[in-house]
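**Q** Attaching a single structure in structure tokens format; questions to follow.
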Amino acid sequence: MYLLTKEADELAIVYSPEEKLRLGDTLTIDGIIAQVVDIHFADLPGVLEHILRKSLVAKAETKEHIQPEVKSVIDSLTDQRLAIAKIRGRIVEVSDDKGNKKKVFKTGLSEFNISRARAEIKVLSQDDLFDALGLCFPSSCDFGKTLSSEPKDFEILAERLGINLITGMKGSGKSYSAKRLLLKLIEKRVLTLVFDLNAEYLNLWKADEKTPNKYAELVKVFTPRLRRAQANELPFFIPLNEINYDDFATFVNVPQGTPTYQHLMQFWRERGETQFDLNDLESFVNRVQNEAVRMALQGRVDAARAVGLFGPSNLTNFITDMHKTGGVIVFNLAQVGRWERGIIVEFVLRKLAQLGQSGAIRAVSLFLEEAQLYVERQNMVNILTRMRHFGIFPTFITNDPRTLPDEVFTLLDNLIAFMFRNEDELRQLAKSGLIDLKSINALKHLESRQCIAVGNITSNYPVFIEVNPQAGVVMGGETRKLVI
Amino acid sequence: MLEVDKIVATICGKIPEGLTFEPSDINLTDYFVSTTKGDGEEVAFVSEDEHEKWTKAHLIVPKYPIDSHVVAIDSTSVTLGQLPDGLVGAVRASIIMKPAGKTSHSLERYGPYLVPVTNQNKDLLYRAIYTAVYGKETKIHAPDCFKTLDRVRNLLERHIQLEVAKHYGSSLILIDGSLIGGTVADPRVVMRKIIADSASNGNAIVAISKSTGLTLQQTKRNILSLLDGVHGPCYVEGIKDHITQNKERYLGHVYVSRLTPLGEPFRLDIPENTPIPHSQIFTQVAGLAGDYGYPEELRLAHMTCVLSSIEILELQSAAIVLHGLTMKEELRTKLFPL
């Protein structure tokens, strides 16, 4: 391998086909660390004419007798490769307090004193890279393998998760990987709440259609309007006594400051800490003197009853209990309309904030698939800015990063990006500042289940990963075929 | 493919390892590296008696020979670099075929073969390949290393012509050059054999030259000038009858022809005994003529055999590895680096 050029923070490296190099490989060039983000043919003068001449007669109609000793050399120049490598920094040796020396990765490059002719360019082993990055994985790690000449097991360390984004185009493997991460979190005894828009997470507790798997006890699904609990599926209800008048007013569209709103406030205050439900509210409404207010309130009670979301529930206890063991609570949003979806999500988010604020729960993970379809922008900003202080760690999962507010990208701790072809979406990802546009462009070349992970989980070094398949779990999420 | 292993074994010999090698300069922006082919035909005069009568141009009515099998042969050689006492070269030959009933082409390519030629091995090399191709021994000395490389190329091409004439039938065979026999490089018996084998297999062989040594006696102008100002497609016949020296060396009828209306004039040699009349051969060859009035099959044969600058670089590196050569440092660049 030879260094050809350096432009800004990009190195062009010429190498022969015999030297194995692939996207994501980390190179060490006399101490400089650069990562391969693109691979081309070396554009030699005369190649066009050479290839054109070869194409004069179709390959199938060409027979050649070449001296055997020459055969391996012919066409070797036309196959010379050019790797574009992004300078990431340097690996330097430092001493700790006890005087032990170790190699660490430092970003930036203030010196550039390498020789094109003499620089030794080598592929840095993933072990050495991870050592320098301070990434220490457990021996049983199996989330994925690095995309490199010598693949190495890679794990997402739960303690490094913060505000996370898993994104990629349809069919790129993002939902699959999100579920793999979810199962990893269960193993780490972390409680995750999932808003499941497409009923993809409902069967995570099954090994196949009939058999429960090892996660079965720790996966619970809450489905609105379900008559009774069955297997791991439980009915979802919002107990009126666990929300306040403002929540209810918001859910049933009663504007603040109106007489109707004031009557709701009065009802909630009268009830104080006692148990109550829609029947109690209806009795209260029947006693209201003002006919217009009474009618307005009765309409809201009827609507709340028709929605079927309000009723007795022990969700709060459920969350606090599962928080101790770790597991997954899936909120099945597949069968409900946009309005009801908004009510459910709003209720759960408020409940989580309440529990976090009161210290009833220390920290939970929250998975939001296509959040823009059920979380208001303001709520999304709340999740990002306020709720993380209550121990709520959101993971956004979307196939269109442009639908998320800019705050997601500004505050993002970890990005796991799968294949994209659309330039707009790639540019949006670069807004995170975790990775540059040139490197993110490599996503165009990735295959299904291959991704770039960058952020706290990789010590801010972009790592190309292929996510391993999951055995023993019905992962779901496959797009159905029109014709089998 | 044709049998060439014996020839390849003869020309791709070994030389002592460790020799210094000075690669030829290659400019990658050159489409291909130009090489001079052949010894250069000797100048022979053509008398111009009754000039008006015999130089009359006959019209050709071109017709694409869709029903004919056409074979075109060409070869190339190039010097890859110099050794202290010689050179390392490369040779390659191409056969382009247009099957009967089709307009598409297929290619058989022989080479590149690395040929080391030194003052020490050139006689042995030349005599060995001469024997391998012509089947008889010779005591002649090889010319200088550069010319020897060209002779090796010529012998490879003749071998392929001989094999094609022997193995193909009812074909129009186009070769680059002339049908001159009795030179040091091309004994008359060999050229006669190519012509005889072609005739016995029903092949019509046509040799086409872009240049010629045949010169008009009075004006001292090349015979190609006979078609100056004459638009084609047409040809002038009977030139051989007016050649004044070594007429017996010319083993076919010699023509000057312009194969397309505004094409270049070429010399065409066609043997006497062809399966179809010469006028019909002209009809077919003119039907094949493309840009500049040169037959497309022969043009393809040339374009597919010449080595691109990229191939030459690759062959230079192969030569260094194969023969254990060491690169010679250019004294000039060491002394004057800028």
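Every read-out reported here was derived from the displayed coordinates using simple, explicitly stated rules and does not represent laboratory data. Just so we're clear, the structure is a prediction, and the values are computed from it rather than from any experiment. Cβ coordinates were reconstructed from backbone atoms using ideal geometry, including for glycine residues, and neighbour counts include every protein chain displayed.
**Q** What is the Cα centroid distance between the stretch A:2-44 and the stretch A:221-290, reported in whole angstrom?
**A** Computed from Cα coordinates, the inter-centre distance equals 63 Å.
**Q** Also: Residues with beta-carbon under 14 Å from that of A:L426, excluding A:L426: net charge, scoring Lys, Arg +1 and Asp, Glu -1? If you can, show how the numbers build up before the last one.
**A** Details: positive: A:R402, A:R421, A:R427, A:K431, A:K438, A:K444; negative: A:D38, A:D400, A:E423, A:D424, A:E425, A:D436.
Overall, the nearby charge balance is 0.
**Q** Please state the relative contact order of the stretch A:260-349 as a whole percent: Cα pairs under 8 Å, 6+ residues apart? Working shown, then result.
**A** Values: 25 pairs, mean separation 22.8, N = 90.
Result for the stretch A:260-349 is 25 percent.
**Q** Hey, fewest Cβ within 10 Å first, where do A:V463, A:V252, A:V14 land in order? Provide the component values of the computation, followed by the final result.
**A** On the way: A:V463 26, A:V252 21, A:V14 17.
Listing A:V463, A:V252, A:V14 from fewest to most nearby Cβ atoms yields A:V14, A:V252, A:V463.
**Q** Separate question: Within chain B, what's the longest stretch lacking GluC sites (Glu not before Pro) that sit in DSSP loops with no more than 14 other Cβ atoms inside 10 Å?
**A** On the way: sites that count: B:E3, B:E17, B:E42, B:E50, B:E137, B:E272, B:E329, B:E330.
That gives B:138-271 as the longest site-free run.
**Q** Another question, then. Which of the lysines could a cross-linker span from A:K63 if the Cα-Cα distance has to be under 22 Å and same-chain partners fewer than 8 positions apart are dropped?
**A** Of all the lysines, those that pass the test against A:K63 - Cα under 22 Å, at least 8 places apart if same chain - are A:K54, A:K71, B:K6, B:K98, B:K102, B:K166.
**Q** Another question about this same structure. Name the helices (complete DSSP H segments) of chain B with a Cα length along the long axis of 30 Å or more and a Kyte-Doolittle mean of at least -0.5, or state none. Please list the in-between numbers first.
**A** Working: long enough: B:145-167 (33 Å, -0.47).
Passing helices, by number: B:145-167.
**Q** Would you mind counting up the charge near A:R350? Only other residues with Cβ under 13 Å from its Cβ, with Lys and Arg at +1 and Asp and Glu at -1.
**A** Numbers: positive: A:K351, A:R386; negative: A:E242, A:D246, A:D247, A:E346, A:E376.
That works out to -3.
**Q** Between A:I392 and residues 5 or more places away or on another chain, which pairs have amide H atoms under 5 Å apart, with H built 1.01 Å from N, and which residues are they?
**A** HN-HN under 5 Å from A:I392: A:V364.
**Q** Do any of A:K20/A:K438; A:K122/A:K438; A:K145/A:K174; B:K139/B:K328 go past 24 Å between their Cα atoms, and which? It would help to have the intermediate numbers written out before the result.
**A** Values: A:K20/A:K438 22 Å; A:K122/A:K438 22 Å; A:K145/A:K174 16 Å; B:K139/B:K328 34 Å.
Result: B:K139/B:K328 exceed 24 Å.
**Q** I need to check one value: relative contact order of the stretch A:369-466, counting alpha carbon pairs closer than 8 Å and at least 6 residues apart, in percent.
**A** The value is 23 percent.
**Q** In straight Cα distance, which lysines are under 23 Å from B:K56, not counting same-chain residues fewer than 8 positions off?
**A** B:K210, B:K220, B:K240, B:K247
**Q** If one computes the Cα centroid of the stretch A:120-166 and of the stretch A:409-442, what distance in Å separates the two points?
**A** The stretch A:120-166 and the stretch A:409-442 have Cα centres spaced 19 Å from each other.
**Q** Between beta-carbons, use under 10 Å as the cut-off and find the net charge around A:N468, counting Lys and Arg +1, Asp and Glu -1. Please report the intermediate quantities before stating the final value.
**A** Details: positive: A:K145, A:R180, A:R449; negative: A:D142, A:D153, A:E466.
Counting the neighbours of A:N468, the net charge comes to 0.
**Q** Can you say what percent of the DSSP beta bridges in chain B, counting only those with both residues inside, are antiparallel? Round to 5. Mind showing how you got there, number by number?
**A** Numbers: 44 of 59 bridges.
Here the share of antiparallel DSSP bridges comes out near 75 percent.
**Q** May I pose another question? Using Cα positions and a limit of under 27 Å, work out the lysines in reach of A:K351, with same-chain residues fewer than 8 apart set aside.
**A** Within the straight-line limit of under 27 Å, A:K351 reaches these lysines: A:K179, A:K184, A:K188, A:K220, A:K324.
**Q** Ok, one more. Rounded, prolate or oblate: which fits the stretch B:224-298 when a ≥ b ≥ c are the square roots of the eigenvalues of the alpha-carbon gyration tensor, with rounded for a/c under 1.5 and prolate only if a/b beats b/c?
**A** Here the stretch B:224-298 falls in the oblate category.
**Q** Next up: Report for the stretch A:220-347 the percent antiparallel among DSSP-assigned beta bridges with both residues inside it, nearest 5. Please list the in-between numbers first.
**A** Numbers: 1 of 9 bridges.
Bridges in the stretch A:220-347 are about 10 percent antiparallel.
**Q** With a/c under 1.5 counting as rounded, go ahead and sort the stretch B:165-301 into rounded, prolate or oblate using the C-alpha gyration tensor (a ≥ b ≥ c being the square roots of the eigenvalues; past the cut-off, prolate if a/b is larger than b/c, else oblate).
**A** Working: a/c = 1.85, a/b = 1.13, b/c = 1.64.
Verdict is oblate for the stretch B:165-301.
**Q** Oh, and also: Among DSSP beta bridges whose residues both lie in the stretch A:129-258, state the antiparallel percentage, nearest 5. Write down the numbers at each step before the final one.
**A** Details: 4 of 8 bridges.
Expressed as a percentage, antiparallel bridges in the stretch A:129-258 total about 50.
**Q** Only Lys, Arg, Asp and Glu count, each charged at its Cβ (+1, +1, -1, -1), so figure out the dipole size of the stretch B:269-317 about its Cα centre, rounded to 20 debye.
**A** On the way: 1 positive and 7 negative charges, 17 e Å.
Its charge dipole is roughly 80 debye.
**Q** Here is a further query. Which of the three applies to chain B, rounded, prolate or oblate, going by the alpha-carbon gyration tensor with a ≥ b ≥ c and a/c under 1.5 meaning rounded? Spell out each step's value before the answer.
**A** On the way: a/c = 1.78, a/b = 1.70, b/c = 1.05.
Prolate, since a/c reaches 1.5 and a/b exceeds b/c.
**Q** Please compute the contact order of the stretch B:141-209 in relative form: average sequence separation of alpha-carbon pairs under 8 Å and at least six residues apart, divided by the residue count, as a percent. Numbers along the way, then the final one.
**A** Values: 73 pairs, mean separation 26.2, N = 69.
Here the relative contact order equals 38 percent.
**Q** Does anyone have the angle between helix A:291-307 and the longest principal axis of chain A? Alpha-carbon axes, 0 to 90°, nearest 10?
**A** Once rounded, one gets 50 degrees.
**Q** Out of A:Y15, A:F143, A:L437, whose Cα points farthest toward the positive end of the dipole of chain A (charges: +1 Lys, Arg; -1 Asp, Glu; placed on Cβ)?
**A** Positive-most Cα among the choices belongs to A:F143.
**Q** Give a residue-ordered list of calculated ³J(HN,Hα) values for the stretch A:439-446 (Karplus: 6.51 cos²θ - 1.76 cosθ + 1.60, θ = phi - 60°; whole Hz; x for Gly, Pro).
**A** Each residue of the stretch A:439-446 in turn: 5, 5, 4, 5, 4, 4, 9, 7 Hz.
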